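The values are calculated or read from the model by the stated rules, or taken from the named source; none is laboratory data. Owing to the predicted nature of the structure, the values given are computational and were not obtained by experimental measurement. Cβ sites come from the backbone with ideal geometry, for glycine too, and all protein chains shown count toward neighbours.
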């Protein structure tokens, strides 16, 4: 058989042969793709370059950045105030950012970081009891120059801010070391609420609330009922509920004449005879109703709004802030309740001994205020905005818009004005906006609001000090330890006082300590690190002799790893070394560090929580993590075994992780609880679940329908629902 000859095509006839060489068919495509990518990249860079230039162009409007003002369904009036301000001053645009204020308090870490980074907001609305702490750090601008300047605060100005018109407690809380660092804008006080129906059933006079601590004990005993198993069916009174009411150990100590700081602010006086006596009374009170542990277990079942235990008859009396009357009117319109000053020691009521000549009843107030951070770019505009927000005209706009919104809900919500820190403004607003009707609810809300106003001149306020938060924490820890019978009242107060005093001494003795020489410390740290790296490299080369070729490859490898080394030393090792150095310093980010040696470590060893912290770490590392790995591995092996019915087991196992937990929570909430419109429980009227879709999104019945029948629920929401698409957020009650 003749051999077969394969003839290759001539290069001239080969379509892949170009310019003396062969080219792959895809090269042309790759070339065009490369050119297209380069062009697109150039366009993107050009777009962002032009955009940055355009954004950085000076605007004709001044942007006033405000942090801490909540904008939501309960604060429609705030939006109206801002709109009217912008209408009157077209050259100013207000950029309002809540920054976490709607969930309880503005994010302090973000504010501190922005001030340290010299990019703070122009204005902040801050919890007033923290003003002293921020002022001590030199982070807020003293406002005295604005208050005293005829140009900024003329007496003829209708928005004139007059300190004499403010309640003494609210203004004093914004003053630190003789300077005004904030302008109060809201306030509250603590009052006694009592359920008159429960009083009648217990044989008590429904029109006579307890006036003294002794009467409070007597009424509580008559109003407390237990189930056969020993648990509470209802309780007369709970002095302090950290997660529900707004009464704290502060109130009872002040009622008994106690104080927590010395007048000069240099000594903590948590352990004083009056506070010790008050804490002993609280401890004995809990013991009479079977101990703080059983009481708090009962209180842990309390729910807000419609399930408020004061509304549902689980608790006959409570001490709460004046604005709690709004929720009572909204969620318990038929509840027969009264409002009065909180009970006081009998000697105080009778004006005996140390109480001679003092007010018979007192309360304590908190609230918010406006402050200008250091570094604000528009302090004059910020001051103008402060004056506007605190003016009578602005507050009228707020209350009018908010009342209209409340009355437009289904069902209408009763409205009472928010208490302002300015007494003159309150007189006008409460006269114009409190309910005017003669129906029982309007009368109750009107009379209760008046009690709150009447108590404000006798209000106490938390000490203005840079250890305000620490003092708060320690006073509550002392209360919990004493009432829980872990320590005696004297021991608990002494321990808290010692902790606060240590922080006071640290700050007051700060000037005696030398500043840290940062360049020297940084140079020594870099030198030690470089010496360690050089020593390690020398040891490696000395130990492992390599050929010249491998040495060249090693150098090339090190060269390519330089970016990683830069990142490691600059972003990982550098901060670690800096943290070690700062651990020997007193450093608050805003001021240069001062050398304190091992004092921080000594304080750490003296901290009673250190043992618990190390125990938790060891437990997590030695038991928690290994156990979770073993359980996970065991479950994986079980789910992978060949057992009859395994598909069903797998489905049941993975189903909880596949079903949205939020949908399940909303579903059960609307099945078991009455909704905000006062409709009956869905468990008793299941047809309402599909016949009457409620408000959209969060908390809406349309969400429940979508979870149960997604194909039927789409598009069924009521278009006229006033809450549809409402923004989230609600104002937090100041503490």
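Filter region 407-434 for residues that are under 15 Å from residue 76 (Cα atoms), surrounded by 19 or more Cβ atoms within 10 Å (Cβ to Cβ) and either out of contact with any helix residue (DSSP H, G or I) (no Cβ under 6 Å at 6 or more places or on another chain) or modelled with pLDDT of 95 or more (or both) and give the result.
Passing the criteria: only 418.
Out of the residues in region 139-159 that are part of a loop (DSSP other than H, G, I, E, B) and free of Cβ contacts under 8 Å to residues at least 40 places away in the same chain, which is surrounded by the most Cβ atoms within 10 Å (Cβ to Cβ)?
Restricting to residues being part of a loop (DSSP other than H, G, I, E, B) and free of Cβ contacts under 8 Å to residues at least 40 places away in the same chain, the top hit is 142.
With the requirement that a residue be surrounded by fewer than 20 Cβ atoms within 10 Å (Cβ to Cβ) and either assigned to a helix (DSSP H, G or I) or within 27 Å of the chain's Cα centre (by Cα) (or both), what does region 435-450 give you?
Once the filter is applied, which keeps residues that are surrounded by fewer than 20 Cβ atoms within 10 Å (Cβ to Cβ) and either assigned to a helix (DSSP H, G or I) or within 27 Å of the chain's Cα centre (by Cα) (or both), region 435-450 yields 440, 441, 442, 443, 446, 447, 450.
Within region 497-522, count every residue that is in contact with a strand residue (DSSP E or B) (Cβ under 8 Å, 6 or more places away or on another chain) and in a helix (DSSP H, G or I).
Total satisfying the criteria: 6.
Considering each of 179, 156 in turn, give the residue that is under 30 Å from residue 428 (Cα atoms), at pLDDT 95 or above and outside the structural domain of residue 305 (by TED's automatic domain parsing).
Exactly one residue qualifies, and that residue is 179.
Of everything in region 173-196, what is exposed (fewer than 15 other Cβ atoms within 10 Å of the Cβ) and touching a residue at least 12 places away in the same chain (Cβ under 8 Å)? Give them in sequence order.
177, 179
Which ones in region 569-605 are over 28 Å from residue 375 (Cβ atoms) and exposed (fewer than 12 other Cβ atoms within 10 Å of the Cβ)?
The answer is 572, 576, 580, 597, 598, 602, 605.
Determine whether residue 340 is modelled with pLDDT of 95 or more, in contact with a strand residue (DSSP E or B) (Cβ under 6 Å, 6 or more places away or on another chain), assigned by TED's automatic domain parsing to the domain that holds residue 237 and closer than 30 Å to residue 428 by Cβ.
yes
Hey, among 63, 86, which residue is part of a helix (DSSP H, G or I), touching a strand residue (DSSP E or B) at 6+ places or on another chain (Cβ under 8 Å), at pLDDT 75 or above and surrounded by fewer than 16 Cβ atoms within 10 Å (Cβ to Cβ)?
Going through 63, 86 in turn, the sole match is 86.
Need at least 2 residues that are under 24 Å from residue 188 (Cβ atoms) and in contact with a helix residue (DSSP H, G or I) (Cβ under 9 Å, 6 or more places away or on another chain) per element, so show me which helices (runs of 4 or more DSSP H) inside region 225-302 make the cut, counting only ones lying wholly within it.
Answer list for region 225-302: 249-255, 273-288.
Scan region 160-169 residue by residue and report those that are out of contact with any helix residue (DSSP H, G or I) (no Cβ under 7 Å at 6 or more places or on another chain) and either under 17 Å from residue 142 (Cα atoms) or not assigned by TED's automatic domain parsing to the domain that holds residue 135 (or both).
162
I'm checking my understanding of the structure. Among residues of region 197-215 that are touching a strand residue (DSSP E or B) at 6+ places or on another chain (Cβ under 8 Å) and either at pLDDT below 95 or under 27 Å from residue 329 (Cβ atoms) (or both), which one is surrounded by the fewest Cβ atoms within 10 Å (Cβ to Cβ)?
Per the stated criteria, the residue is 207.
Among (1) within 29 Å of the chain's Cα centre (by Cα); (2) more than 20 Å from residue 302 (Cβ to Cβ), which single condition is residue 248 missing?
Residue 248 satisfies every listed condition except (2).
Please specify each residue of region 379-418 satisfying the condition of being outside any helix (DSSP H, G or I) and either in contact with a strand residue (DSSP E or B) (Cβ under 6 Å, 6 or more places away or on another chain) or within 30 Å of residue 444 (Cβ to Cβ) (or both).
Hits for region 379-418 are 390, 408, 409, 410, 411, 412, 413, 414, 415, 416, 417, 418.
In the set 346, 292, which member is buried (at least 20 other Cβ atoms within 10 Å of the Cβ) and farther than 30 Å from residue 85 by Cβ?
Of the residues listed, the single one that is buried (at least 20 other Cβ atoms within 10 Å of the Cβ) and farther than 30 Å from residue 85 by Cβ is 292.
Yes or no: region 516-536 includes at least one residue that is surrounded by fewer than 16 Cβ atoms within 10 Å (Cβ to Cβ) and closer than 23 Å to residue 132 by Cα.
no
Assuming residue 647 fulfils every condition listed in (1) within 30 Å of the chain's Cα centre (by Cα); (2) in a helix (DSSP H, G or I); (3) loosely packed, with under 10 Cβ neighbours inside 10 Å apart from one, which condition is it?
It fails just one condition, (1).
Is at least one residue of region 38-49 surrounded by fewer than 16 Cβ atoms within 10 Å (Cβ to Cβ), more than 26 Å from the chain's Cα centre (by Cα) and modelled with pLDDT of 90 or more?
Within region 38-49, not a single residue is surrounded by fewer than 16 Cβ atoms within 10 Å (Cβ to Cβ), more than 26 Å from the chain's Cα centre (by Cα) and modelled with pLDDT of 90 or more.
Which ones in region 354-370 are in contact (Cβ under 8 Å) with a residue 12 or more places away in the chain and more than 16 Å from residue 254 (Cβ to Cβ)?
367, 368, 369, 370
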